[in-house]
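Read through the structure below, which is laid out as structure tokens, and then see the notes.
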Amino acid sequence: AAVGAAGLLARRPRVAALGALGWAALTAQFLGRRLAPGPRPGDDAFGPELRRMAWTSAAIPFAAVRHRVAGTLAARRGLEPWPPPLAAVLLDRDGTLVRDVPYNGDPAAVRPLDGVRAVLDDLRARGVRLGVVSNQSGVGRGLLTRAQVDAVNARVEELLGPFDTWQVCPHAPDDACACRKPGPGLVLAAAADLGVEPWRCAVVGDIGADVGAALAAGATPVLVPTPETRPEEVAAAPRVAPDLAAAVRALAGRLPGPSARQGDPPASPDASAADPDEERAA
């Protein structure tokens, strides 16, 4: 037995090295999948995006294990099951709630997508908290002022009803901030403002950055593509729905009350949506 134990101790460095190599390979594979939607090498935003994706790709597995252990322990203590009920739905603004007008600073240009108000009112009636998480790099690029963004957001509320939290990233892509989607900052800030855990939030958006932000924060993503959404983003998304009403139905098992009203007309993707690269730059 002593000889066997000694042999095991002697092999520990080799086992540890193989384990580290395997972890590095899997992390690199995960990083590659998350970088696939873009931006591409040579783009101005690629360097900051690569740095954000690298550290979050290394951190996400540890966060996932933590959530899994917490859920298992909670279940054994007789607490709420995992995944827990959703308390909040966070939504991208442009292309998800309203037509995407690149760098819009004019409240008169706000046009809600079909059927969105009915879906939001249904969620409000069921006690679900609502928030908006939006990249608005026009501020950082000098194309908009924050006052203009706030005026557009106020018009969105006039047309679609009140939201419990607004979280806006005003930074340009090369600022390498923590809040710009697909970083988790906006989702984490919204959850904190609402007083709920990030894993009790769903995030609904129309591009891969929305999905990435949700996953990085530990929230549940649903992609509602427009015709301009990249095919690889659709393929990589854990959940895809044709419109906002269908996205809510996909979450129905974790939402309070009945599913979205069956009589509501589906929200059709806006055929006049802006160029996707301009939306990604927003």
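From Ala250, Ala237, grab the single residue that is touching a residue at least 12 places away in the same chain (Cβ under 8 Å) and under 29 Å from Gly140 (Cα atoms).
On the way: Ala250 fails: under 29 Å from Gly140 (Cα atoms).
Answer to the selection: Ala237.
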Discussion item. Every residue in segment 56-84 that is open to solvent by 40 Å² or more (accessible area, probe 1.4 Å), within 17 Å of Ala214 (Cβ to Cβ) and either at pLDDT 80 or above or acidic (Asp, Glu) (or both), please.
Written reply: Ala59, Pro61, Pro83
Item to complete: State whether one or more residues within segment 138-147 are touching a residue at least 24 places away in the same chain (Cβ under 8 Å), in a helix (DSSP H, G or I) and surrounded by fewer than 20 Cβ atoms within 10 Å (Cβ to Cβ).
Response: yes
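Among Asp106, Asp114, which is the only one that is within 22 Å of Ala241 (Cα to Cα) and open to solvent by 50 Å² or more (accessible area, probe 1.4 Å)?
Working: Asp106 fails: within 22 Å of Ala241 (Cα to Cα).
Result of the check over Asp106, Asp114: Asp114.
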Practice prompt. Test Pro102 against the criterion of being touching a strand residue (DSSP E or B) at 6+ places or on another chain (Cβ under 9 Å), in a loop (DSSP other than H, G, I, E, B) and more than 22 Å from Pro225 (Cα to Cα), and give yes or no.
Written response: no
Discussion item. Return the pair list, or none, for Cβ contacts closer than 7 Å from residues in segment 23-40 that are closer than 15 Å to Pro231 by Cα to residues that are assigned to a loop (DSSP other than H, G, I, E, B) and small (Gly, Ala, Ser), at least 6 apart or on different chains.
Written reply: Pro39/Ala45
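The values are calculated or read from the model by the stated rules, or taken from the named source; none is laboratory data. Source: prediction; values computed, not measured. Reconstructed Cβ throughout: ideal geometry from the backbone, glycine too, with neighbour counts over all protein chains shown. The area values use the complete protein model at the heavy-atom level, side chains included, leaving out ligands, DNA and RNA. Shrake-Rupley method; radii C 1.70, N 1.55, O 1.52, S 1.80 Å.
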